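Undergrad: Structure in structure tokens, see below.
Here, each number is a calculation from the coordinates, and none is a lab measurement. If you're wondering where the values come from, they're calculated on a predicted model, not measured in any experiment. Backbone-built Cβ (ideal geometry, glycine too); neighbour counts: all protein chains shown.
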Amino acid sequence: MNEVPTRPGRIVHACVAIYTRKWMFIALAIVIFLITTFLLAHAGIIPDSHAKSTLVVADTPEITLASIPSASAQVLPAKTRTENPIKIVMPSIHKSATIENPNTQNAKILDKALLSGAVRYWHSVKLGEKGNVVLFGHSSYLPGIYNPAYKTFTGIQNLRKGARILVYSSTTVYEYAVYTVKKQNTTTDAVNLLSRGKELTLITCNVFGKRSDRFVVTAHFVKSYPIGNNS
């Protein structure tokens, strides 16, 4: 008569059976793993351990992703070209002058730069940017003044609305049309450096740091074109 195994005996018997068949289970697990890996790789959803997503800060204000695959590359807006002004011409009043671009607000340095012609205010925008390009220049009506820099902006109060002002960079002509001509008190009046469009402001001055009434000309941007092509 066969004995019926007790419950503890059945558990021990099952464990022994599993242990004796361990290699079968290991082999089965390996096969399942390989099949699963093959299917995932075929579907292209296994993560690449060498993939990168590094943020690189370029010289431009934009931040670009350095390693986006070409199939999903983003099209970034082109950087606005900005240039220093180097020359100004006002044909209607027969005036022209070079422009200095000192990167400072030191009054002594700016006064020295004014002895060479017009000066772009360091905190105003450059050519090609939205905002206000602000240029200072001496004006004098005294006899016996032989340095033309002292008369850089002499007579700008005679500019008429719509008159063209040409500002040159090293490669491009930026054309502006006169909008207003005013005499302003520097104690109470201010020049707005912010603009949604592109503007040009000319300001006469005697010496930086001293307050006096000055003529101020504002002009709106019309167009730009390469030097030598006035179309």
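Undergrad: Count the net charge of all other residues whose Cβ sits under 13 Å from the Cβ of ILE88, scoring Lys and Arg as +1 and Asp and Glu as -1.
TA: Details: positive: LYS87, LYS95, ARG120, ARG164; negative: GLU100, GLU175.
Cβ neighbours under 13 Å give a net charge of +2.
Undergrad: Could you rank the peptides 143-149, 96-102, 115-121, 169-175 by their average count of other C-beta atoms within 10 Å per residue, with the highest value first?
TA: Output ranking for 143-149, 96-102, 115-121, 169-175: 115-121, 96-102, 169-175, 143-149.
Undergrad: Where both residues lie in the range 87-226, what percent of DSSP beta bridges are antiparallel, nearest 5?
TA: On the way: 32 of 42 bridges.
Counting DSSP beta bridges with both partners in the range 87-226, the antiparallel share is about 75 percent.
Undergrad: Turning to a different aspect of this structure: Could you check the simple spin-label distance between ARG164 and LYS182, using points 7 Å along Cα→Cβ, in nm with one decimal?
TA: 2.7 nm
Undergrad: Once the Cβ-Cβ distance between HIS220 and SER116 is put in as r, and R0 is 22 Å, what FRET efficiency do you end up with, to the nearest 0.05?
TA: Numbers: r = 27 Å, r/R0 = 1.24.
Step by step, r from the Cβ atoms, then E = 0.20.
Undergrad: Taking the simple approach of a point 7 Å from Cα along Cα-to-Cβ for both THR98 and THR171, what is their distance in nm?
TA: Each label point is offset 7 Å from its Cα along the Cβ direction, giving 2.2 nm.
Undergrad: So what's the net charge close to GLU100: Lys and Arg +1, Asp and Glu -1, counting the other residues with Cβ under 10 Å from its Cβ? Working shown, then result.
TA: On the way: positive: LYS112, ARG120; negative: none.
The answer is +2.
Undergrad: Next up: Between VAL89 and PHE33, what is the label-point separation in nm under the 7 Å Cα-to-beta-carbon projection?
TA: Simple spin-label model gives 7.9 nm for this pair.
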